[in-house]
Amino acid sequence: MEIIKLRHPYKKSQIPSVNVVMALGFFDGVHRGHQKVIKQAKQLAVENNLKLSVMTFNQHPSIVFKKIAVEDMYYLSSIEKKEAIMKDLGVDILYEIEFTSSFASLDPQSFVNHYIVDLNAKIVVAGFDYTYGKKEIASMEHLPKYAKNRFDIVVIEKQTINDAKISSTRIRKAIDSGNIAEANRLLGYTYETTGRVIHGDARGRLLGFPTANINVTKDIRIPTVGVYVVEILVGNERYQGMASIGHNITFEAGRPLTVEVYILNFDQDIYGEKVTVYWLEYLRNEWKFDSIEALVEQLKKDEEDTKLFFRTRNKK
């Protein structure tokens with residue numbers, strides 16, 4: 001897969017001289033709805049002997065339009081994760097457009113001319129709700145007017161699970177409420193976050209549950225406070241574990257939020273390593289315990305619940 005980063009105005013020499021089917025979208029999380037768009041575009045590319053290109057943006061448009069601050073934007077997928085999924089889906093060319101004020105100021109006709117026609121799109125595939133400007137003048141319903149018969153248009157209708165639309169917003173709400181199983185269902189894969197293992201206060205080791213404290217990537221959404229069943233990728237190996245997201249309120253109030261993973265049957269020193277956590281199941285909320293003994297008893301129960309989850313999953 002060729003990755004081409006464009007900043008408006010781009011140079012024509014940056015664009016491969018090959019005709020393509022182009023899939024349009026921001027694709028945060030590349031969930032099942034997004035996958036439907038890309039898979040349909042891939043099928044059309046194969047049928048018409050064309051390459052498949054996908055256009056996405058380096059940041060959410062809301063940042064430029066001042067609807068949300070940069071520091072308050074938490075994505076479902078890093079650009080690296082998005083690239084990996086695109087490659088797996090058979091994308092030939094991935095255009096990553098810098099969403100700048102200059103790019104945002106393009107009128108719909110200019111967008112179509114410079115970012116569809118000039119990128120050699122012969123067929124465009126997008127979801128029914130895709131927009132390329134103000135919805136009132138730049139919806140999929142308006143696209144034929146700007147296309148002027150220069151490319152075909154395929155609109156993917158609303159994709160649903162349990163009679164509700166599959167959307168990045170719905171997935172964010174699921175993650176924020178701890179319903180990680182629902183988020184994974186909507187994504188079509190296991191939600192993941194990355195980070196680097198840092199030194200903590202080593203209290204878990206004293207309790208008999210040594211944890212890897214993870215400094216998570218800042219702009220990626222992490223699940224809500226609680227205890228979870230997880231897998232963690234260390235090097236090239238995935239291990240079973242349980243994770244705690246919280247403030248360690250049993251020990252003192254006002255502690256900063258931490259992400260800690262207790263890895264089952266693991267005794268390696270991994271400080272400084274980059275790891276990936278795969279979020280599988282929500283177990284419980286963070287609780288304040290009256291004693292260290294009560295906390296340890298609960299951790300033992302959490303460990304048993306975690307092992308039960310994996311035993312049950314392996315039988316399916």
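Just so it is clear, none of the values below were taken in a lab; they were calculated from the coordinates. Keep in mind the model is a prediction, meaning the values are calculated, not measured. Don't worry about glycine lacking a Cβ; one is built from the backbone with ideal geometry, like all the others, and counts go over all protein chains shown.
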Query raised in the report: Amide H to amide H, which residues 5 or more places from Lys5 or on other chains are under 5 Å from it, using H placed in the peptide plane?
Result: Glu96
Requested in this report: May I ask you to evaluate 6.51 cos²θ - 1.76 cosθ + 1.60, the Karplus curve with θ = phi - 60°, for each residue of the range 166-175 and list the ³J(HN,Hα) values in order in whole Hz, giving x for glycine and proline?
Outcome: 6, 8, 4, 4, 5, 5, 4, 5, 5, 5
Query raised in the report: Taking the Cα-to-Cβ direction at Ser13 and at Lys301 and moving 7 Å from each Cα, how far apart do the two end points lie in nm?
Result: 6.8 nm
Report task. Quick one: which residues, 5+ away or cross-chain, put their amide H under 5 Å from the amide H of Val234? H built at 1.01 Å from N. Result -> Tyr239
Query raised in the report: Once phi is turned into θ = phi - 60°, what whole-Hz ³J(HN,Hα) does the Karplus curve with 6.51, -1.76 and 1.60 give for every residue of the range 107-121, x standing for Gly and Pro?
Result: 6, x, 5, 5, 4, 4, 5, 8, 10, 10, 5, 6, 9, 6, 7
Report summary line: Over all viewing directions the Cα convex hull of the range 32-147 casts an average projected area in nm² of 7.5 nm²
Query - Residue range of the chain that is longest and free of GluC sites (Glu not before Pro) which are both DSSP loop and sparsely packed (at most 16 other C-beta within 10 Å) - result: 1-97
Query raised in the report: Taking θ as phi - 60°, what are the ³J(HN,Hα) couplings along the range 122-134 by the Karplus curve (6.51, -1.76, 1.60), each to the nearest whole Hz, with x for Gly and Pro?
Result: 9, 9, 10, 10, 7, x, 4, 9, 5, 10, 9, x, 5
Requested in this report: Assign unit charges at the C-beta atoms only (+1 for Lys and Arg, -1 for Asp and Glu), then state the dipole size of the chain relative to its Cα centre in Debye, rounded to the nearest 20.
Outcome: 1040 debye
**Report entry** Cα principal axis extents for the range 216-316, largest first, Å
**Finding:** 37, 33, 26
Query raised in the report: So what is the orientation-averaged projected area of the range 98-150, using the convex hull of its C-alpha atoms, in nm²?
Result: 3.7 nm²
Query raised in the report: Cross-link list Lys39/Lys158; Lys173/Lys315; Lys218/Lys274; Lys36/Lys148: which exceed 19 angstrom alpha carbon to alpha carbon?
Result: Lys173/Lys315; Lys36/Lys148
Report task. Give me D for the chain in µm² s⁻¹, whole number, from Stokes-Einstein with Rh from the Kirkwood sum over alpha-carbon pairs, 25 °C and 0.890 mPa s. Result -> 113 µm²/s
